[in-house]
Structure formats: C-alpha cells, structure tokens
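Just so it is clear, none of the values below were taken in a lab; they were calculated from the coordinates. From a predicted model like this one, the values you see are computed outputs, not experimental measurements. Because the Cβ atoms are built from the backbone with ideal geometry, glycine has one as well, and the counts that use them run over all protein chains shown.
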Ligand code: AMP
C-alpha cells in the first residue's frame with residue numbers, strides 16, 4: 001500500500017488542508033523529506049519545480065509552528081524562505097497560506113520592484129513566515145527594518161537560479177545576520193560546485209534527497225512537431241487552439257513583439273488570451289497569471305522569461321509558436337503542462353529558419369519528436385531546411401564563456417537567448 005499524508009504524522013489542521021486540496025498521496029520528495037524535516041534534520045534537496053517540493057518544505061515548517069506556538073519576534077520572523085524571483089516568492093507564499101489555512105500563520109512576501117511600505121509595515125509586529133527575494137530583503141535588513149536574529153528555520157529554494165542571478169553575496173550577508181543554531185534546507189535543480197560549496201557552508205550534516213530528473217515530467221507529455229512555413233504559423237496555431245479538448249494552453253514565442261502579435265491575432269479570432277513577458281509591469285504579470293489561474297482567460301502567450309513562473313495544474317497544452325534558441329528552454333516550456341501527475345500535450349511549430357533549433361532540442365531530450373504531417377500547412381521545405389537559425393540582435397557575444405555561466409551576474413533569460421543565438425550564427 002502506498003504511503004498517505006496521515007502516515008507522516010503531520011498536525012491535524014495540515015491533514016485537513018491537504019484533504020481539501022485533494023492531495024492524498026505524498027510525492028516522492030515529500031515522502032522522503034517530510035519525515036527527516038520533522039526530526040529537524042538539515043536537508044539538501046535536488047529537485048525541480050513540478051515535483052511537489054514546495055509542500056515538501058512548507059508542511060514540516062507549518063508543523064513546527066503548530067507544535068511550538070509562540071509569538072513571532074518583533075521586526076522579524078520565525079521562518080525565512082529565499083527564492084530567486086517575485087513570481088516564485090508569491091507562489092511559495094500561496095502554498096504556505098493554502099496548506100496553513102487552518103493554522104492561519106502570518107505570511108509576508110518581500111521583493112523588489114514595488115514600494116517597500118507594506119512590506120515594512122507587515123514586518124513591524126513580526127511575522128511567522130517571510131518569503132523573500134534576496135535583494136530587497138537585504139535592503140530592509142541594511143535599513144534596520146528587519147531583524148532576523150530570532151529566526152528558527154531557513155529555506156533556500158532554487159538555489160542554483162539564485163546564484164545564476166548574482167545573489168551569492170546578498171545571501172551570504174543575509175545569512176550572517178541569522179542565528180547559527182537554526183534549521184536549514186537548500187533546494188536546487190542542479191548541483192554545480194558553487195551550490196555544493198554553499199550547501200557545505202550553510203547546512204549541518206545534511207540529509208541528501210535527490211528526486212527524479214526532469215525527464216519524468218517530460219515523459220508524461222505527448223510531444224510532436226508540425227513543419228510549417230513562417231507565414232502560416234499563426235493560422236496553424238489558431239486551428240490548433242480551436243481543436244476540441246484544449247483546456248488551458250500556454251503559447252511560447254521567441255520574442256516579446258511576437259508574443260504581442262500572436263496574442264492580438266488569437267484575441268481577434270475570439271479566443272481569450274493574455275501576453276506575459278519581461279516588458280510587462282509586475283502588476284500586469286500578476287494580473288495575467290491570476291486571470292489564467294482562475295480560467296478567466298484560456299490562453300497565455302509567453303516568452304521564455306516567463307516559463308518558470310507559470311504553475312497552473314490545469315494547463316492541457318503547450319504550443320511552441322517558435323522553437324527556443326536555447327534547447328534547455330524547451331524542457332522548461334513543456335513542463336508547464338503535465339503537472340501534478342496529469343498528462344499533457346506539447347506541439348511545436350517549426351519553420352525553415354528554426355529547423356536547426358529543433359535538432360538542438362532533439363539532441364537535448366535524446367529523441368526525435370513525432371512529426372504531424374497530415375494538416376493543411378505541412379511544409380516539406382521547412383522539414384528539409386538546412387538554413388542557419390536567425391540572429392537575435394547584438395548581444396555581447398565575446399562575453400559568453402559557458403564554463404563560467406553559473407557564476408555570472410545579471411544575465412536575463414532573454415539576454416542569454418540572444419547571445420547564444422548570435423554566437424551560433426557567428
Ligand atoms: P511544486 O514542485 O511545489 O511546484 O509542485 C508542483 C505541483 O504539484 C503543484 O501545482 C502542486 O499543487 C502539486 N502537488 C504537490 N504535491 C502534491 C501531492 N502530494 N498530490 C497532488 N498534487 C501535488
């Protein structure tokens with residue numbers, strides 16, 4: 001018989017919330033991590049989003065709050081979770097609020113790009129849980145507006161991405177203000193040397209839990225490619241979106257301008273859609289995600305920069321209006337469907353210019369995509385193309401040294417895309 005959450009001895013208010021959420025069986029990372037974390041062990045978790053890792057750390061930390069009720073320290077918190085992006089910060093905070101609904105912990109999110117006013121106000125009386133992006137949190141600490149000297153537990157989520165984004169120093173400075181005697185958890189999708197070193201410096205005799213590489217999600221997703229001429233892409237996409245059985249769909253495009261065009265085109269055709277990309281303000285991005293989450297819009301048209309932030313279980317289809325120029329982005333993109341154990345469908349439109357990128361993707365995932373040729377737009381020219389992929393603008397090609405990429409600061413996903421494509425074409 002498989003394990004249930006009740007077997008994990010979590011506090012009854014948590015079990016009730018899980019039942020209401022419809023979670024009955026722990027995912028592998030939950031089954032392995034929760035017992036260790038309930039014992040207070042430090043943890044080094046290698047896992048991607050989509051594995052259920054948020055609940056894997058949120059549940060035992062909420063259990064701690066239930067088991068040892070005490071007022072939150074003034075100006076500080078009992079639990080701190082650090083995460084790389086504001087989208088992820090919001091998502092994690094939502095997780096704590098949802099699983100903790102019968103415990104009602106105070107949860108505050110802290111990130112840049114918005115006024116610090118409400119964040120500072122929330123902190124004054126102290127909160128149970130802070131979920132924060134490192135930059136703004138360090139700002140508040142430096143201004144004397146946040147004091148974490150009474151902290152009980154620290155989580156670093158998506159630590160590899162935080163280092164990629166240049167947060168190594170802010171993390172070090174934040175950690176220097178925390179008590180040494182604390183419970184520490186570190187999650188990362190990959191384990192480069194820099195992460196191993198960070199884990200070594202932060203964790204005490206950690207238990208290591210490593211969970212299924214991305215392929216397990218990817219295997220549940222039915223993937224295919226349609227070869228089409230560039231001029232037919234929008235029409236082909238629209239026909240796909242109108243097929244029966246499409247619930248909610250995410251459409252990926254190469255660039256922001258194409259995202260806007262595609263969004264306008266399908267909206268014009270009567271499909272509810274919104275665009276999500278780096279040119280949108282935080283408010284616009286949050287509204288777009290929320291409208292999608294509540295199914296007020298059916299289709300989200302996004303660039304790669306937005307791929308990781310889209311965590312909606314009901315996405316049935318991913319359509320790639322364009323191939324990504326970075327093959328690993330393909331895996332992130334299609335991982336927006338097939339979530340929470342469901343199956344999903346990913347269909348990629350490939351024109352002659354992007355044919356080379358499809359080869360890169362197939363090399364990355366270790367297999368060829370099924371070709372759908374039985375449709376009005378099939379293009380043999382695209383299928384047999386040997387064209388070079390497009391150049392995406394004048395990013396600083398000289399600067400790219402892949403072996404150093406993990407240590408590098410401030411490369412946005414879009415800059416990386418452009419630089420890599422420019423390098424390939426050179
Ligand atoms: P995460 O890896 O934390 O981003 O979680 C991936 C998705 O799986 C989220 O949408 C969760 O709602 C869902 N999920 C997490 N744990 C479970 C579970 N035990 N049973 C069913 N769904 C889950």
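So what are the radius of gyration and Dmax for the Cα set of the chain, in Å?
22.2, 68
Can you give the Rg to Rh ratio of the range 221-389, both from alpha-carbon atoms, with Rh computed by the Kirkwood formula?
0.94
Gain in length, residue 219 to residue 194, computed as 0.36 nm per residue apart minus the alpha-carbon separation, to one decimal in nm? Can you show the working numbers first?
On the way: separation 25, 0.36 × 25 = 9.00 nm, distance 2.97 nm.
Working it through step by step, the gained length comes to 6.0 nm.
Please work out the FRET efficiency for the pair residue 230 and residue 9, using the Cβ-Cβ distance as r and a Förster radius of 45 Å; give the result to the nearest 0.05.
0.20
Starting at 0 and stepping by 10 Å, how many percent of the alpha carbon pairs of the range 5-210 end up in each bin?
So the P(r) values, bin by bin, are 9, 38, 39, 14, 0.
Need the full-extension length gain, residue 261 to residue 353, defined as separation in residues times 0.36 nm minus the C-alpha distance. One decimal, nm.
Here the segment from residue 261 to residue 353 would lengthen by 31.2 nm.
At a Förster distance of 51 Å, what's the computed FRET efficiency of residue 269 paired with residue 149, Cβ-Cβ distance as r, to 0.05?
0.35
Can you give me the angle between helix 28-38 and the longest principal axis of the chain, using Cα atoms only, in degrees from 0 to 90, rounded to the nearest 10?
Roughly 20 degrees between the two axes.
When DSSP beta bridges are limited to those with both residues in the range 221-389, what percentage is antiparallel, rounded to the nearest 5? Don't skip to the answer; put the middle values down first.
Numbers: 1 of 27 bridges.
Of the beta bridges lying entirely in the range 221-389, close to 5 percent run antiparallel.
From the square roots a ≥ b ≥ c of the eigenvalues of the alpha-carbon gyration tensor of the range 140-274, which class results: rounded (a/c under 1.5), prolate (a/b over b/c), or oblate?
Verdict is prolate for the range 140-274.
Figure the gain on full extension for residue 282 and residue 370 (residue separation times 0.36 nm, minus the Cα-Cα span) and round it to one decimal in nm. Before the final figure, lay out each step's value.
Working: separation 88, 0.36 × 88 = 31.68 nm, distance 3.74 nm.
Residue separation times 0.36 nm, minus the Cα-Cα distance, leaves 27.9 nm.
For labels at residue 124 and residue 316 in the simple 7 Å Cα→Cβ model, what's the distance in nm?
5.0 nm
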